[in-house]
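What follows is one structure encoded as structure tokens, with my remarks underneath.
A short reminder: the numbers here are calculations on the coordinates, not readings from a lab. Only a predicted model underlies this, so the values are computations on that prediction, with no experimental measurement involved. All Cβ positions, even for glycine, are placed from backbone atoms using ideal geometry, and neighbour counts span all protein chains on display.
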Amino acid sequence: MAISSLIPEFNQILQQKLSIVVTSHTNPDGDAIGSSLALSWVLKKMGHHVHVVIPNMYPAFLAWMPGISDIVIFEHQSKIAKPLIQEADIIFCLDYNTLKRSGATADDLIASPAVKYLVDHHPNPDVDDFSLILSVTDISSTAELIYFLLSETGNDHLIDQPIAECLYVGIMTDTGSFSHAIKHSDTFRVTASLIDKGIDAERIHRLIYDTLTENKLRLLGHAINNRMLVMEEYRTAIITLSKADLKQFDYQIGDTEGIVNFPLSMAKINLAVLITEKKDHVRLSFRSKGDFSVNDFAREYFEGGGHHNAAGGNSSLSMKDAVNALIKLLPTVINDLDYQYDLL
């Protein structure tokens, strides 16, 4: 699916100097932050007045990224963020397909009179939320989509080393270090062009993946050893982390990043679910192999969505009841989960 109404208008709408806010989804990840910072740098080079506003704090492993200290975090800086959103001429909405996914900023974004432009790679965008849309679902990441937008509009010459670093982080993290979500060879061509800008790919990988705290590593071990339920009959593994678990290991934002992927390394597991207890709800992260769409599953049963093989959702049930509700659903989808890869 591709909706590209933004591309023909991009240069035209930016001819005059504007007040622009770049936003991302709640619990921003490497792609959300990388694409937002990259676009903000480009827009500043064009002479615009630009701020990045995100709903809540980013993970600590992204704290080194160029320009990240200038990001306005809505949950902590709402008195600054609200006027920026209200007075913006344009709001770019990156890496989410509906304003509902913008978390704490959602109400202000909806109320803002600014023109809203979507740049995203998730399926089923809510087209009524946005004025112009660039939506490409078979691309690795929103960061790669930003590169595509700049290239198609003749602005890729503005990509310097800091911007290239931000785009590289987005692509690398959303592909799991280039292990999934790569639908075409252009992803590697874009990556090569970013490396040609002078970035140190090895250093960036270390900054993202080799900066674990002891508590985060012990939380991972605890999750797998003590909190993982494996149901081979349903090709499914479920990991649960309660508020007490998180407190025990001094949880920081980003500490559960990637935990849900580990059960999929088992040959007989095709669906992995991480259920995390929050203050007033539980959060579910879904990952799958092959043809089983966790996007559809999360949309239908858990008020969520995402990608075909990676999605999230929420439940107002207790942790125990949410787990039971999930287990009751597994027999209804076993036909879609009951397959095994030929590894030879």
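Placing unit charges on the Cβ atoms only, positive for Lys and Arg and negative for Asp and Glu, gives the range 214-337 a dipole magnitude near 200 debye about its Cα centre. Note on residue 279 and residue 318: the extension gain reaches 13.0 nm, defined as 0.36 nm multiplied by sequence separation minus the Cα-Cα distance. With the convex hull drawn around the C-alpha atoms of the range 214-337, the volume per residue stands at 96 Å³. Close amide H pairs (under 5 Å, H built 1.01 Å from N) link residue 270 with 236, residues at least 5 positions away or on another chain. For residue 131 and residue 153, the difference between the fully extended length at 0.36 nm per residue and the C-alpha to C-alpha distance is 6.1 nm.
Once you divide the Cα radius of gyration of the chain by 2.2 N^0.38 Å, the number left is 0.98.
Ignoring lysines fewer than eight residues from residue 320 along the same chain, the ones with Cα atoms less than 28 angstrom from its Cα are 100, 216, 243, 247, 268, 278, 279, 289, 328.
Computed extension length for residue 250-residue 100: 51.1 nm, one decimal, from 0.36 nm per residue of separation with the Cα-Cα distance subtracted. Each Cα pair of the range 150-286 feeds into the Kirkwood radius, which the Stokes-Einstein equation turns, at 20 °C and 1.002 mPa s, into a diffusion coefficient of 124 µm²/s.
Charges were assigned to the Cβ only: +1 to each Lys and Arg, -1 to each Asp and Glu. The resulting dipole of the chain about its Cα centre is roughly 700 debye.
Compute the acute angle (0 to 90°) between the alpha-carbon long axis of helix 78-87 and the principal axis of greatest extent of the alpha-carbon atoms of the chain; round to the nearest 10°. Between the helix axis and the principal axis of the chain, the angle is about 50 degrees. Packing order of peptides 32-38, 277-283, highest average first: 32-38, 277-283 (average count of other Cβ atoms within 10 Å over each peptide's residues). Among 287, 203, 227, a tally of other beta-carbon atoms within 10 Å of each Cβ gives an order, fewest to most, of 203, 227, 287. When the chain is treated as a GNM, springs tying every alpha-carbon pair under 10 Å, which of 116, 268, 320 comes out with the largest mean-square fluctuation? Of 116, 268, 320, the most mobile in the Gaussian network model is 320.
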